[in-house]
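See below for the structure under consideration.
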Amino acid sequence: MGSTLHGNPFLAASPQTILVIGTDIRSGEFAGPAEAESKGCLKVVESGKPTGASCKHGPYRSDTLMLVRAGGGDFRKLSIPRDTLAQIPGHPENKINSAYAVGGAKLTVRTIEKFLGINIDQVAIVDFDGFRRFIDTIGGVKVNVPITICSSISEGAFKLQLSKGEHTLNGFQAIALARTRENNLVTSGGLCQNPPPITDVNRAQFQQLILNGIKDRLTDPFRAPYNLVKGPFIAWDAPQVMVSSMGAWTMPQLVFAAAIGFSNGNDVLTPTSTTAAGNLIIPPSECDRAVKKFLGSSPPHKPACSPPS
């Protein structure tokens, strides 16, 4: 990945574009980022080459794709819906999250750089299961849910019901919200009698809410005593959450950049249509709008965006 990326591991001097890849790894099924790094598997994940049995990396797709612009006084986020139709270099066009399954982080970087016409400086690969433990360690996260949530997740193993408004979520609830794809839990009465539809764009918004909640927990001055007491546990759990081209200081640097940086809010690429196969179409005008807001300038290269359907 080093030959592909453009940045350095320190965010303080100037803003850098970081690609956050969330992997939907179920416990015991695949190696998470921390285990992968300890076994030397990360280079394999980055290159997309086949892995050995000890690495246990299967052909899973990325569950979250988010760009973070951090450093130099900036902190901005742009989410890419995972069902977005994109040109995958060296492969047939497909949903953008399939790039991770066939070529790891390296191909995902190439795909998104071509799609948006930008340069990616750093990559962080996040394990949702590790995030669950990390959120519990920091005492949960506060989120302001924009719509009613009535979702049955993991084939009915867990049900998430949240009214519109502010909630404090534990780690399991937070990750369940991040994974929510549809309001498929309908009851004969009460909160879930007639829940609103959920789109892939809503899902990206949920994931940004959770990241904002983590940042707020870690930077809230009124929680400083709690964070001080829990500091050793937070420091232990943070590296288990992700592996990154920036190394072990990724989480502290992102929190610091979020605390001091100017933010122009959260943004999500908005599709204008959907193909018969369920792929989302992002037109050039939307790519250009989103990149200008994210970078503060026009994209350095011409965005490819979604191919004509």
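The values are calculated or read from the model by the stated rules, or taken from the named source; none is laboratory data. Computed from a prediction, not measured in an experiment: that's the story for all the values here. Every residue, glycine among them, receives a Cβ derived from its backbone with ideal geometry; neighbour counts consider all protein chains shown.
Yes or no: THR111 at pLDDT below 65 and over 15 Å from the mean Cα position of the chain (by Cα)?
On the way: at pLDDT below 65: no; over 15 Å from the mean Cα position of the chain (by Cα): yes.
No.
Pick out the one residue from ALA174, ALA157 that is more than 30 Å from THR272 (Cβ to Cβ) and modelled with pLDDT of 90 or more. Can you show your working first?
Numbers: ALA157 fails: modelled with pLDDT of 90 or more.
Result of the check over ALA174, ALA157: ALA174.
Select the strands (runs of 3 or more DSSP E) contained entirely in the range 85-173, then report the ones holding at least 2 residues which are on the phi < 0 side of the Ramachandran plot and surrounded by 21 or more Cβ atoms within 10 Å (Cβ to Cβ).
On the way: elements: 122-127, 141-145, 149-153, 158-162, 165-169.
Of the strands (runs of 3 or more DSSP E) lying wholly inside the range 85-173, those with at least 2 residues that are on the phi < 0 side of the Ramachandran plot and surrounded by 21 or more Cβ atoms within 10 Å (Cβ to Cβ) span 122-127, 141-145, 149-153.
Being closer than 23 Å to CYS305 by Cα, in contact with a helix residue (DSSP H, G or I) (Cβ under 9 Å, 6 or more places away or on another chain) and basic (Lys, Arg): is that true of ARG133 here? Explain how you work it out, then say what you get.
Numbers: closer than 23 Å to CYS305 by Cα: no; in contact with a helix residue (DSSP H, G or I) (Cβ under 9 Å, 6 or more places away or on another chain): yes; basic (Lys, Arg): yes.
Spelling it out, it is not the case that ARG133 is closer than 23 Å to CYS305 by Cα, in contact with a helix residue (DSSP H, G or I) (Cβ under 9 Å, 6 or more places away or on another chain) and basic (Lys, Arg).
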